[in-house]
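Structure first, then comments.
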Amino acid sequence: MSANEPVTVEVGLGDRAYDILIGPGLLSRAGAEISRRLPGTRAAVITDANVAAAHLEALKDGLEKNDIQPAVITLPPGEKTKSFAHLEEVVDGVLAARLERGDIVIAFGGGVIGDLAGFAAGIVRRGMNFVQIPTSLLAQVDSSVGGKTGINSARGKNLVGVFHQPKLVLADTEVLDTLPIREFRAGYAELAKYGLIDRPAFFAWLEENWTQVFAGGPERAQAIAEACRAKADVVARDEFETGDRALLNLGHTFGHALEAATQYDGTRLVHGEGVAIGMALAHRFSSRLNLASPDDAARVEAHLRAVGLPWRMADIPGDLPDAEALLSFIAQDKKVSRGALTFILTRGIGQAFIAKDVPASEVLSFLKEMHPGQQQSWPSQQKMRPGQQKMPLR
Ligand SMILES: NC(=O)c1ccc[n+]([C@@H]2O[C@H](COP(=O)([O-])OP(=O)(O)OC[C@H]3O[C@@H](n4cnc5c(N)ncnc54)[C@H](O)[C@@H]3O)[C@@H](O)[C@H]2O)c1
Ligand SMILES: O=C(O)C(=O)C[C@@H](O)[C@H](O)[C@H](O)COP(=O)(O)O
Ligand SMILES: [Zn+2]
């Protein structure tokens with residue numbers, strides 16, 4: 001296989017199985033790859049202004065080679081675009097182009113565009129064909145795979161949406177060359193997440209090789225493929241998050257609350273940064289509960305700090321709402337069941353697990369201790385013996 005041949009990872013969902021192609025030059029092959037799987041279809045490309053400026057012409061050329069002349073809908077960049085107003089704009093644009101149910105909505109951008117366009121594809125004409133062409137690191141390692149789509153509410157992240165799988169994912173690694181470094185780092189947090197969930201050797205490899213991943217050598221494509229394989233495995237066995245898939249939420253219970261608490265203001269916090277802080281908090285919380293060693297929490301914090309990611313609430317510019325307000329965002333999390341909080345906690349690096357019925361009082365004490373404006377000591381820590389579990393976890 002030549003260095004330019006894409007790596008293929010399959011998401012094994014039976015008659016809805018699809019390929020993720022990862023490698024350079026895929027924009028120019030987009031028309032061929034799409035036509036092979038969905039012949040004779042028309043398309044709408046949903047993108048944002050940054051991605052359009054850097055890469056839309058290349059994608060259009062790649063599509064036109066196979067006679068696909070797409071309608072193009074270009075939206076403002078940023079998390080606030082995952083809104084009802086922009087959903088309506090996309091739905092209206094797709095209908096105005098008179099696309100049929102069998103035609104294709106193509107998401108061409110980062111996770112914001114993927115989630116929004118995927119949601120539109122899931123509801124227009126009760127479900128159109130959908131193709132993901134992810135352009136951020138975060139979208140290539142995570143959001144373009146697995147079919148979670150949706151928009152945000154002022155009450156919380158991703159609270160409105162549907163599961164709608166793509167027919168194909170084309171991750172052109174060359175487009176990452178124009179991604180701003182802050183966004184690359186944010187995507188790196190989701191990449192490291194796959195090591196922290198259940199691939200300790202991958203996390204150790206990232207600790208050794210992260211500079212090459214940032215520099216864009218073969219390690220970058222290797223890391224993207226590893227994350228896609230990890231995500232594809234989980235999605236194939238638990239598409240609708242009735243069990244294991246919740247592990248992919250490591251760092252998100254805290255992270256999503258911080259994103260909502262900062263009103264999705266990307267100048268303060270973007271999703272991957274929220275996940276970085278959330279993963280550090282999840283490890284620290286696990287150590288506070290005597291589930292994991294404090295050395296593991298310190299190791300995670302050190303790696304996030306080394307790559308230049310924020311890792312504690314104090315790294316978010318500006319004031320945060322207090323711990324009680326953060327807890328009320330956490331109470332809106334989709335993993336809440338019969339009012340009880342669910343967290344992804346850990347027994348160590350690569351040993352994440354789903355903890356149900358986590359007492360809100362423990363979370364609140366922890367948040368108060370970690371909150372930059374509210375610090376107080378952990379109330380019951382002194383009473384615990386090493387190895388003693390603080391609460392029964394299902
Ligand atoms: N559905 C899922 O499974 C899933 C998984 C993870 C994250 N998400 C969602 O993804 C979103 C975050 O995605 P994101 O980090 O990609 O954010 P994003 O879509 O906002 O993209 C980040 C920024 O980079 C710019 N950009 C993207 N590609 C570029 C390129 N190649 N060159 C130059 N600029 C480029 C965008 O315009 C934007 O300004 C969040 O809304 C999060 O909730 C969803
Ligand atoms: O695909 C999943 O499942 C994930 O949890 C991946 C996450 O990185 C992603 O941010 C997802 O959108 C969060 O899911 P949510 O159900 O908590 O909104
Ligand atoms: Zn995420």
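Just so you know, all these numbers are worked out from the coordinates, no wet-lab data involved. This structure is a prediction, so every number in the text was calculated from the model and none was measured. Methodologically, a virtual Cβ is constructed for each residue, glycine included, from the backbone with ideal geometry; neighbour enumeration extends over all protein chains shown.
Above 24 Å, the calculated P(r) of the range 1-108 contains 32 percent of its Cα-Cα pairs. Give the whole-number value, in cubic angstrom per residue, of the convex hull volume spanned by the C-alpha atoms of the range 101-158. Cα convex hull per residue, to the nearest whole number: 72 Å³.
Run the dipole for the range 178-375 about the Cα centre, Lys and Arg Cβ at +1, Asp and Glu Cβ at -1, nothing else charged, and hand back the magnitude in debye, nearest 20.
Its charge dipole is roughly 160 debye.
Beta bridges from DSSP with both residues in the chain: antiparallel share about 40 percent, rounded to the nearest 5.
The three principal axes of the C-alpha atoms in the range 178-375 carry coordinate ranges of 46, 38, 30 Å, sorted with the longest axis first. Counting neighbouring beta carbons within 10 Å and listing from fewest to most, the residues F353, F203 come out as F353, F203.
Of interest is the spacing of the C-alpha centroids, which for the range 178-222 and the range 254-307 amounts to 16 Å. Comparing P321, P200, P24 in a Gaussian network model of the chain where C-alpha atoms under 10 Å apart are linked, the largest mean-square fluctuation is found at P321.
Packing order of peptides 244-256, 60-72, highest average first: 244-256, 60-72 (average count of other Cβ atoms within 10 Å over each peptide's residues). In the chain, the C-alpha radius of gyration followed by the widest Cα-Cα span (Dmax) gives 20.7, 70 angstrom.
Put in order of Cβ neighbour count within 10 Å, fewest first, the listed residues D319, D15, D115 become D15, D319, D115. Rg ratio for the range 164-269: its Cα radius of gyration over 2.2 N^0.38 Å, N being its residue count, equals 1.15.
When both the range 323-375 and the range 97-151 are represented by their alpha-carbon centers, they are found 30 Å apart. Take every DSSP beta bridge whose two residues both sit in the range 7-177; close to 25 percent of them are antiparallel.
Can you give the charge dipole size of the range 7-177 about its Cα centre, rounded to the nearest 20 debye, using +1 on the beta carbon of Lys and Arg and -1 on the beta carbon of Asp and Glu?
In debye, rounded to 20, the range 7-177 gives about 580.
For R42, nonlocal amide neighbours, meaning residues 5 or more places apart or on other chains whose placed amide H falls under 5 Å from its own, are I104. Once Rg and the Kirkwood radius are both taken over the C-alpha atoms of the range 231-296, their ratio Rg/Rh works out to 1.06.
Which translational diffusion coefficient, to the nearest whole µm²/s, is obtained for the range 7-177 from the Stokes-Einstein equation, given a Kirkwood hydrodynamic radius over C-alpha pairs, 20 °C and 1.002 mPa s?
Diffusion coefficient, whole number: 139 µm²/s.
Cross-link partners of K80 among lysines, defined as those whose alpha carbon lies under 17 angstrom from its own and excluding same-chain residues fewer than eight positions apart: K157.
With viscosity 1.002 mPa s and temperature 20 °C, the Kirkwood radius over alpha carbon pairs of the range 157-205 converts through Stokes-Einstein to a diffusion coefficient of 157 µm²/s. Using a 7 Å offset from the Cα along the Cα-to-Cβ direction at both L13 and L95, what is the distance between the two label points in nm, to one decimal? Label at L13, label at L95, 2.5 nm between them.
Residues E207, E100 in ascending order of nearby Cβ atoms (within 10 Å, fewest first): E100, E207. For the pairs K193/K334; K335/K368; K82/K335; K60/K231, flag any whose C-alpha to C-alpha distance is greater than 25 Å. Among K193/K334; K335/K368; K82/K335; K60/K231, the Cα-Cα distance tops 25 Å for K60/K231.
Placing unit charges on the Cβ atoms of the charged side chains and taking the dipole of the chain about its Cα centre, the candidate lying farthest along the positive direction among A96, A85, Q374 is Q374. Max-minus-min Cα coordinates of the range 114-231 on each principal axis give 47, 29, 25 Å, with the largest extent listed first.
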